[in-house]
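Asker: Here it is, the structure, as structure tokens.
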Amino acid sequence: MSDVTLLPSVNLFLARDHGHFINGTCSPSSTSAKIKVINPANGEAIAQVSEGSQADVDQAVLSAQAGFKIWSKTSPAARAAVLFKLAGLLEQNREELAQLETVQSGKIIQISRAFEVDQAAHFLRYYAGWATKINGETITPSLPSFAGERYTAFTLREPVGVVVGIVPWNFSTMIAIWKLASALTTGCSIIIKPSEFTPLTILRIAELATQAGLPAGALNVITGSGLSGKALIDHPGTNKVSFTGSVPTGIAVGKSAMEAKLTRATLELGGKNSVGFLRDVDLDKAADGIIEAGFLHSGQICAAAERFFAHRSQIEPLMEKLAQRLATLKIGSPLDESTQFGPVTNKQHQQKLEAFFKTARNESNTIVFGGNAIDGPGCYVEPTIILANSAKDTLLNEETFGPIATFLPYDTDEELLHLMNDTPYGLSASIWTNDLSKALRLVPEIEAGTVWVNMHTMLDPAVPFGGVKASGIGREFGAAFIDDYTELKSVMIRY
Ligand code: TXE
């Protein structure tokens, strides 16, 4: 097979002189500072975007404040209609958006189409449905009256205002949609700051939002590095930050938000997610499960698993089966529809993964499969299996965010639980077994925001998602996100 041909619209978009997206339109930056966007499959610069300056940030906040005045007064049904229309436009422009995503991130084209566009449209429709269902409640006050007077009370759910949505590079389209959908369905306006590595698709989606009828200023995009993200959080005109990304940056973002003005913050961070295979597990299903849990999009998924615990009697045959499967993965160009395993998203990340391979060797871990970067201009690394010596080894403790499955054997169920929870993080975990009753007894003991049984990494818009411990604060999806994007106003009446 060969690469799909880039659509003319993709080539035209890449060649544009990109500014920010402010006030419903592409807006030139106030500075000439540019950031090159590099295709990680071949190391070539494919586009350039602007570095957001303080003046750009000021302009975006003014725009978002004006957008908020209009959008928060727009009826819930009209808000839902715009979001439904935008979901349709994502699908109509599916191939263009998927190709843009693949050339900026190295994600294989099949995943860009199925997840970044199709799934994003599903999520958007789910959120749109909430616009007409967000309500307060009536309350009967509890204290006795003094002289026969009566009281009644109710709550209003009011949008928090201008939201700053900070997006990482791993699922730059879908995560941007989660953030803008949460903000817009609740009546907030939003400024998205995409990752400097993957800023292109959201610039195109912002144009589609205008086409869908979103009023100017309700959605803005400021491109640039972390500095522009910080300037947005620090700005007195922003009211909330919703961040997805690494733990250290999440902690910095949380501190900035608190220091600035007690800005509300939701932080969806990564971690070091565990998988526990119980002794009865079918090894073929377990090996397939590891591909799903650890190797989809080269492991660059915050919920992906990196720590795998198997019973001592099964660990060798399990790693052998996994190695057989990894050996058949077709590694290649992400634009080739037959490719199953593409590059990682940027050079820095490839170098970081190489450093992890080195650490594993220095700590005398066994490299069962892979363990090298792949030579060439692209950012490729081999899918890798590592057998650690102890629970203290680096590869079992630090987030690699790459296609590296690190294994450790256990002997008893108590030891398995201890190993799974022995991490400062807790975004997700999974257990694999045919014994559902045992699984249900273990679930409450596992310290993670999401626990999957016989599956891993599947996110559904109806099911809340977020971390415990150092993996974050707050929840996305379900009804849980509403608390984070609205303020509860209490009203009491005497009669
Ligand atoms: O992520 P960051 P980076 C891991 C992965 C990767 C490493 C660094 O291992 O190698 O993190 O990647 C913006 N105030 N993950 O640097 O730093 C930044 O511009 C406000 C795991 O890309 O988390 C980008 O838009 N914003 C992860 C976003 O924050 C700031 C997903 C994410 O950047 C900022 C991505 C600041 N002070 C990387 N500094 C996961 N687990 O989900 C940076 N940003």
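Asker: Starting from region 180-197, take each residue that is within 15 Å of residue 480 (Cα to Cα) and list its partners that are among the aliphatic types (A, V, I, L, M) and within 15 Å of the ligand (Cβ to nearest atom), counting only C-beta distances under 6 angstrom and pairs at least six apart or across chains.
Answerer: Pairs that qualify, where the first residue is within 15 Å of residue 480 (Cα to Cα) and the partner is among the aliphatic types (A, V, I, L, M) and within 15 Å of the ligand (Cβ to nearest atom), are 183/163; 183/190.
Asker: Just give me the residues in region 446-482 being among the charged types (D, E, K, R), within 27 Å of residue 133 (Cβ to Cβ) and touching a strand residue (DSSP E or B) at 6+ places or on another chain (Cβ under 9 Å), in sequence order.
Answerer: 475, 476
Asker: Tell me which residues, restricted to region 10-51, are in a helix (DSSP H, G or I) and surrounded by 15 or more Cβ atoms within 10 Å (Cβ to Cβ).
Answerer: 10, 13, 14 - these are the residues of region 10-51 that are in a helix (DSSP H, G or I) and surrounded by 15 or more Cβ atoms within 10 Å (Cβ to Cβ).
Asker: Moving on to the next point. Taking helices (runs of 4 or more DSSP H) that do not extend beyond region 196-280, which have at least 1 residues that are surrounded by 18 or more Cβ atoms within 10 Å (Cβ to Cβ) and more than 13 Å from the ligand (Cβ to nearest atom)?
Answerer: Once the helices (runs of 4 or more DSSP H) in region 196-280 are filtered for at least 1 residues that are surrounded by 18 or more Cβ atoms within 10 Å (Cβ to Cβ) and more than 13 Å from the ligand (Cβ to nearest atom), what remains is 200-211.
Asker: Across region 305-343, which residue is farthest from residue 285 (Cα to Cα) among those that are outside any helix (DSSP H, G or I) and charged (D, E, K, R)?
Answerer: Checked region 305-343; the qualifying residue farthest from residue 285 (Cα to Cα) is 336.
Asker: Moving on. So, in region 395-425, exactly how many residues are in contact (Cβ under 8 Å) with a residue 12 or more places away in the chain and surrounded by fewer than 16 Cβ atoms within 10 Å (Cβ to Cβ)?
Answerer: Adding up the residues that qualify gives 5.
Asker: Those residues that are buried (at least 24 other Cβ atoms within 10 Å of the Cβ) and not β-branched (Val, Ile, Thr), I need them from region 158-167; list them, please.
Answerer: Answer for region 158-167, where residues must be buried (at least 24 other Cβ atoms within 10 Å of the Cβ) and not β-branched (Val, Ile, Thr): just 165.
Asker: For region 472-493, name all the residues that are exposed (fewer than 13 other Cβ atoms within 10 Å of the Cβ) and either charged (D, E, K, R) or in contact with a helix residue (DSSP H, G or I) (Cβ under 6 Å, 6 or more places away or on another chain) (or both).
Answerer: Residue satisfying the conditions is 489 alone.
Asker: Could you list all residues from region 155-186 that are closer than 18 Å to residue 125 by Cβ and more than 11 Å from the ligand (Cβ to nearest atom)?
Answerer: 173, 174, 177, 178, 179, 180, 181, 182, 183, 184, 185, 186, listed by residue number.
Asker: Of a type in the set (Asp, Glu), within 16 Å of the ligand (Cβ to nearest atom) and surrounded by fewer than 20 Cβ atoms within 10 Å (Cβ to Cβ): does that describe residue 354?
Answerer: It is true that residue 354 is of a type in the set (Asp, Glu), within 16 Å of the ligand (Cβ to nearest atom) and surrounded by fewer than 20 Cβ atoms within 10 Å (Cβ to Cβ).
Asker: Cβ contacts < 8 Å: first residue free of Cβ contacts under 8 Å to residues at least 24 places away in the same chain, restricted to region 40-64; second residue open to solvent by less than 10 Å² (accessible area, probe 1.4 Å), any location; separation 6+ or different chain. Result?
Answerer: Cβ pairs passing all conditions: 45/37.
Asker: Checking residue 375 against (1) surrounded by 16 or more Cβ atoms within 10 Å (Cβ to Cβ); (2) farther than 13 Å from residue 275 by Cβ, only one condition comes out false. Which one?
Answerer: (1)
Asker: Based on what the data block shows, is residue 290 within 14 Å of the ligand (Cβ to nearest atom), crowded, with 23+ Cβ neighbours inside 10 Å and among the β-branched types (Val, Ile, Thr)?
Answerer: Against the criterion (within 14 Å of the ligand (Cβ to nearest atom), crowded, with 23+ Cβ neighbours inside 10 Å and among the β-branched types (Val, Ile, Thr)), residue 290 does not qualify.
Asker: Could you grab me the full set of residues in region 350-367 that are in a helix (DSSP H, G or I) and in contact with a strand residue (DSSP E or B) (Cβ under 9 Å, 6 or more places away or on another chain)?
Answerer: Those that are in a helix (DSSP H, G or I) and in contact with a strand residue (DSSP E or B) (Cβ under 9 Å, 6 or more places away or on another chain): 350, 351, 353, 354, 356, 357, 360, 361.
Asker: Return the pair list, or none, for Cβ contacts closer than 6 Å from residues in region 253-266 that are more than 14 Å from residue 161 (Cα to Cα) and modelled with pLDDT of 95 or more to residues that are within 12 Å of the ligand (Cβ to nearest atom) and in a helix (DSSP H, G or I), at least 6 apart or on different chains.
Answerer: Pairs that qualify, where the first residue is more than 14 Å from residue 161 (Cα to Cα) and modelled with pLDDT of 95 or more and the partner is within 12 Å of the ligand (Cβ to nearest atom) and in a helix (DSSP H, G or I), are 256/230; 256/233; 257/233.
Asker: Does region 89-98 contain at least one residue that is within 24 Å of residue 295 (Cβ to Cβ), buried (at least 21 other Cβ atoms within 10 Å of the Cβ), of a type in the set (A, V, I, L, M) and free of Cβ contacts under 8 Å to residues at least 60 places away in the same chain?
Answerer: yes
Asker: Among the numbered criteria (1) farther than 27 Å from residue 343 by Cα; (2) open to solvent by 50 Å² or more (accessible area, probe 1.4 Å); (3) out of contact with any helix residue (DSSP H, G or I) (no Cβ under 7 Å at 6 or more places or on another chain), which single criterion is violated by residue 460?
Answerer: Going through the list (1) farther than 27 Å from residue 343 by Cα; (2) open to solvent by 50 Å² or more (accessible area, probe 1.4 Å); (3) out of contact with any helix residue (DSSP H, G or I) (no Cβ under 7 Å at 6 or more places or on another chain), residue 460 breaks only (1).
The values are calculated or read from the model by the stated rules, or taken from the named source; none is laboratory data. As the structure is a computational prediction, the values presented were derived from the model and not from experiment. A quick note on method: Cβ atoms are made from the backbone with ideal geometry, for glycine too, and the neighbour counts reach across all protein chains shown. Heads up: the accessible areas ignore ligands, DNA and RNA and are worked out on the full protein's heavy atoms, side chains in. Shrake-Rupley method; radii C 1.70, N 1.55, O 1.52, S 1.80 Å.
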